[in-house]
1. Quick one: which residue in ILE67, ILE12 is among the β-branched types (Val, Ile, Thr), open to solvent by less than 50 Å² (accessible area, probe 1.4 Å) and under 20 Å from MET265 (Cβ atoms)?
2. Look at region 62-88 and say how many of its residues are farther than 20 Å from ARG296 by Cβ and among the aliphatic types (A, V, I, L, M).
3. Which pairs have Cβ atoms under 6 Å, sit 6 or more apart or on different chains, and link a residue in region 330-342 that is more than 14 Å from TYR309 (Cβ to Cβ) to one that is open to solvent by 60 Å² or more (accessible area, probe 1.4 Å)?
4. Looking at ARG180, is it farther than 28 Å from LEU37 by Cα and at pLDDT 95 or above?
5. Can you tell me which residue is nearest to GLY96 (Cα to Cα) among those in region 119-149 that are open to solvent by less than 60 Å² (accessible area, probe 1.4 Å), assigned to a loop (DSSP other than H, G, I, E, B) and at pLDDT below 95?
6. Is there a residue being open to solvent by less than 80 Å² (accessible area, probe 1.4 Å), β-branched (Val, Ile, Thr), out of contact with any Phe, Trp or Tyr (no Cβ under 9 Å at 6 or more places or on another chain) and more than 30 Å from ALA381 (Cβ to Cβ) anywhere in region 486-501?
7. Quick one: is LEU387 surrounded by fewer than 20 Cβ atoms within 10 Å (Cβ to Cβ) and within 30 Å of SER493 (Cα to Cα)?
8. Determine the pairs where a residue that is in a loop (DSSP other than H, G, I, E, B), located within region 157-186, has a partner that is charged (D, E, K, R) with Cβ atoms under 7 Å apart, the partner being 6 or more residues away or on another chain.
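The values are calculated or read from the model by the stated rules, or taken from the named source; none is laboratory data. Please read all numbers here as calculations on a predicted model, not as lab measurements. Methodologically, a virtual Cβ is constructed for each residue, glycine included, from the backbone with ideal geometry; neighbour enumeration extends over all protein chains shown. Please note that ligands, DNA and RNA were not included when accessible areas were found on the heavy atoms of the full protein model with its side chains. Shrake-Rupley method; radii C 1.70, N 1.55, O 1.52, S 1.80 Å.
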Amino acid sequence: MDKISGGDKYNIETAEILANEAQHLPVAEATPIYEQLLLLFPTAAKFWRQYVEAHMATNNDDATKQIFSRCLLHCLQIPLWRCYIRFIRKVNDKKGMEGQEETRKAFDFMLNCVGADIASGPVWMEYIAFLKSLPAINGQEESHRMTTVRKVYQKAIVTPTHHIEQLWKDYENFENSVSRQLAKGLISEYQPKYNSARAVYRERKKYVDEIDWNMLAVPPSGSYKEEMQWIAWKRLLSFEKGNPQRIDTASSNKRIIFTYEQCLMYMYHYPDIWYDYATWHAKGGSIDAAIKVFQRALKALPDSEMLRYAYAELEECRGAIQAAKKIYESLLGDGVNATTLAHIQFIRFLRRTEGVEAARKYFLDARKSPSCTYHVYVAYATMAFCLDKDPKMAHNVFEAGLKRFMHEPVYILEYADFLIRMNDDQNIRALFERALSSLPPEESVEVWKKFTQFEQTYGDLASMLKVEQRRKEALSGAEDGTALESSLQDIVSRYSFMDLWPCSSNDLDHLARQEWLTKNINKRVEKCILANGTIVIDKTSMTNISSTSPKIVYPDTSKMVIYDPKHTHVTGSGTNAFDEILKATPPALVAFLANLPAVEGPTPNVDIVLSICLQSDLPTGQSAKIGISTQVQTGKAGIPSQLPAGSAPATSELSGSSKSHPVLSGVSLKPGSNRQYGKRKESDRQEDDDTTTVQSQPLPRDAFRIRQYQKARASSASQTGSVSYGSAFSGDLSGSTG
């Protein structure tokens, strides 16, 4: 138990280990483990099944029923439900007619809940077999039993499951055994429905196969597997919402609900799935069902503010104001730990539902809260100005907040925006002067920028130039005099409007570069003379950048290795990396690599080698009888006189065959050894398309054609200037640039 209550309580490996250990413990000792596991994984059907089977093994029927009542409706998995039906049949096995009726009701209940599952075929078959086994005292009961069996068959054959074809065959046999004349009409009636269900099954199976049905529901971590599972469930839901079987709306909605419930077994901690499920109900008119989904969602994810706001919105839209208010109050809690956003949204809710006075009263209480920030003042002042049409109240709220948040540049900017909308230029200038006198230079950049923009819009040229000069003096830091000088950047700033500029984009880039150079023009530059050249490192600028941007981590340039073309690579690191690769390589592949010859020199281009091999007409096993000489006279067909070092052996070591195979590299084939083959290839070549090039034709086999082929390739390469890969038989790689 201590393992699962550690740091990572949703550790899947630990949960699996504990579940396996619990299976070998007595029920009394295993129960606390199962309860702890199911507290963390309440939709893990396999843990519920292990838990209930442990109690079934001890014949503890009361505990078994209690466990089933806790898990069945939210764990729609066939193995768990088949365990349930086994328990019901065992309990009612000796109760006679009453027990049979209870079992039949249990089957109906199970198929109503999980009958749409793609794996429910065995459940339908088991139910049909159970109905057929019921005794019939007279003809009327026999007729009733046959009618019941027929109805179950007819439901099963229109349900897309893995066993739909077997169920159809069983249904045909059943109808023919009852009445061949009646069977013909019923089978022809249900044949199109069965064909449609079978087609839908094949489509559904593509989506179902992408889902991991053994996955445990854990909070999203952003892993690739989790994202792929989320996508797979989204695709399946979209498929079911399209009603591919064209069934009635009620049946289609029931199947969509079933798919959502199965999805939530694995996406239990995904708020977007809960939200989609609830909104789907709401759009369909089932508001009560949507509310139940939201309630379940908040039980699963009690810390999700998004779901609470969505739930409150649904309640407010349907007119349940008090229910919505309770949700907002649950977000506020005791008020001490409430978030700023919760205060703001509750003020807006009160303004919508109870009026101006209720919102104002709560604002006066909220501003006393320790969690109240300047956002609450901005939100309420904006509400008073835009909704209540009360600019005086909004101005008073901003002034009250200024006493607490004079040090917040964002609050100053919001207040300035409000005064600009009021066209109160006198108070705007006073606000900027008050704020800039109290803010430190590093926090006043945006305020100065806003002040400058204001003067460019509302002031005259003199006031505009004065504010710009003050801004330069305040932000220059008195490091040098260059920052106080005028530049074309000032002209661009003053005479631009929206996306209109008094210069081109190239001019803007040039000015920005010049501004950067101006700031660094007087900085001392240290030069480091390296063995292979000269590199200039501006250490002072690097220090300045690192000091002004503490949140950015820069690399340690003193440990950087300068590239040197003459530098020889150290083989130790490469060898270690290769050894690591070999450790992960299968033994068979390692043995194959060990038998490869050691070749020194340039590494061949794999694509070129494969291209030549694909164009070559490799001999079959029957051509092993062709004589192969290991020593070839020079001057014939341009083939080397000897086999290259380390050539492949004549026997196939991979296949284990003792037959010798011809070796292409450095091999001379006698002209007359394969005449029939040459004739057959000649006839095939005549049938080729006229557009076939020399390079795309298969390589010849006899020496005469080899010489012709080489000449054709040489002439083609000289005309086109392309690279010629040489002869596949010689293994040469020649390049011609034309």
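1. Among ILE67, ILE12, only ILE67 is among the β-branched types (Val, Ile, Thr), open to solvent by less than 50 Å² (accessible area, probe 1.4 Å) and under 20 Å from MET265 (Cβ atoms).
2. Summing the residues that are farther than 20 Å from ARG296 by Cβ and among the aliphatic types (A, V, I, L, M) in region 62-88 gives 4.
3. THR340/HIS375
4. no
5. The selected residue is LEU134.
6. Among the residues of region 486-501, at least one is open to solvent by less than 80 Å² (accessible area, probe 1.4 Å), β-branched (Val, Ile, Thr), out of contact with any Phe, Trp or Tyr (no Cβ under 9 Å at 6 or more places or on another chain) and more than 30 Å from ALA381 (Cβ to Cβ), which makes the answer yes.
7. Numbers: surrounded by fewer than 20 Cβ atoms within 10 Å (Cβ to Cβ): yes; within 30 Å of SER493 (Cα to Cα): no.
For LEU387, the condition - surrounded by fewer than 20 Cβ atoms within 10 Å (Cβ to Cβ) and within 30 Å of SER493 (Cα to Cα) - is not met.
8. VAL158/LYS193; PRO160/ARG204
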